[in-house]
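Nothing in this text is a laboratory measurement; each read-out follows from the coordinates by a stated rule. Remember, predicted model here, so these are calculated numbers, not experimental data. We place every Cβ from the backbone using ideal geometry, glycine too, and count neighbours over all the protein chains shown.
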Amino acid sequence: MSFDLPPFPAPGDLPGHLRWQAAGCGDRAPLSRALLRAAADDAESGGPTAALLAPYVDRPAADAPGLRFLAAAHYLVLNGSLPELARFYPSAGGTEPFDGAWEPLHKALIERPDEFAARLTAPVQTNETGRAAALYGGLAVLTHHTGLPIRLLEIGASAGLNLRADRFGYRVDGTVYGGQDSPLILDEPFRGIPPVPLGTRVSVVERRGCDPHPLDPADAEHRRRLESLVWAEQVNRLERLRAAIAVAGRVPAEVDRTADTAGWLADRLAEASPGTVTLVWHSVVQSYVDHDAWRAIEALLDEVGEHTGGDAPLARLAFEPETDEDGRGRFAARLTLWPDGTSHLLGTTNGHGIPFAWAG
Ligand SMILES: C[S@@+](CC[C@H](N)C(=O)[O-])C[C@H]1O[C@@H](n2cnc3c(N)ncnc32)[C@H](O)[C@@H]1O
């Protein structure tokens, strides 16, 4: 499962980055794509977008100016601050054709730049529950191979919704696996043949994550931020998010605030207890973390992993973007189990996680 994207633009190239993000939206998000393209033209001609997004173009991979821009506008729509724009936003009940949306947005950017500037400071923390399909697969494979209950640790957890992946339901050919009475049921999220039975009984005994800016699903303001990060025309994703928040209300999980991800992970790995397998999971986090900090996380996992095994093994499930053999983009889930330390491709998908195609 792969897709074509133009080359990633250079730091400082705001129009280029907005167009790159527009290409990422593709046909799945025509409103968001239209707004990003119009914003790119606006930035190029020195319109209000140029100054508003200028603080976020030096590190475009980490600062994601296009996603920030969409989230800021979406937040103000959901908040009721931009009723003229809301008429175009399906997430707010809008039904007007997408191509008319730039005009009221452009007007608001000119007349109320401070409201946008205040919203743009919020980092991108999309918590995408479709990615739970890959995680559920990883939990099943790990359970099948080790027979052990799982300590689930998540790096870059955002609101920690996917720490409840085993409590979401996964409907396949009329059978629901995972949480059968869950408020969130993902319909036919898989393609191909799973490597182990999806009915494998998974037991998660600890759920803990970290993030430099954790969001709390119990906090109304944080919920609004999570909603604003969903592309406004993808109402099904918004419904999925709200259902996952309902699961979070039933199943506790802790997300610690820390800027020292490697330090947090070292402390958690030192707590490994006999009779459990520790799974470190991360999804769409690597590009947000500086290169040396990421190397430190990987070195720590390798070092600790080499000395584990037996009755307290260590595993890692990485869900990150990569390029396939033909140079096309895809998101891949790769599972590593130590002390062997070999990584296996579990499957591939798009950035939002479903459908998840088993590698076979
Ligand atoms: C695109 S979001 C993905 C969130 C979640 N993993 C998901 O898939 O839904 C990226 C997350 O990485 C977090 N992040 C940024 N810098 C980080 C760091 N140095 N260590 C850990 N997480 C970081 C962000 O705060 C944000 O929550």
With 0.36 nm assigned to each residue of separation and the Cα-Cα distance removed, Ala50 to Ala117 gains 22.9 nm
Of the convex hull drawn through the C-alpha atoms of the chain, the volume per residue in Å³ is 132
Separation of the Glu239 and Thr200 label points, Cα + 7 Å toward Cβ, nm | 3.1
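Please report, in debye to the nearest 20, how large the charge dipole of segment 129-358 is about its Cα centre when each Lys and Arg carries +1 at its beta carbon and each Asp and Glu carries -1 there.
Details: 23 positive and 32 negative charges, 160 e Å.
For segment 129-358, the charge dipole is close to 780 debye.
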Relative packing of peptides 141-151, 339-349 - highest average C-beta neighbours within 10 Å first = 141-151, 339-349
Take each complete run of DSSP H in the chain, measure how far its Cα atoms stretch along the helix's own axis, and keep only those covering 18 Å or more with mean Kyte-Doolittle hydropathy at least -0.5; list them.
-> 30-44, 65-78, 132-146, 235-250, 291-306
Can you tell which of Pro123, Ala165, Ala134 lies farthest toward the positive end of the dipole of the chain, using +1 and -1 charges on the Cβ of basic and acidic side chains (Lys, Arg; Asp, Glu)?
-> Ala165
Normalised convex hull volume, segment 1-123, alpha-carbon set, Å³ per residue = 107
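About the Cα centre of segment 14-120, what is the dipole size in debye to 20, counting +1 per Lys and Arg Cβ and -1 per Asp and Glu Cβ, all else neutral?
Working: 10 positive and 13 negative charges, 59 e Å.
The calculation lands at about 280 debye.
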Of all DSSP beta bridges having both residues in the chain, the percent classed as antiparallel (nearest 5) is 45
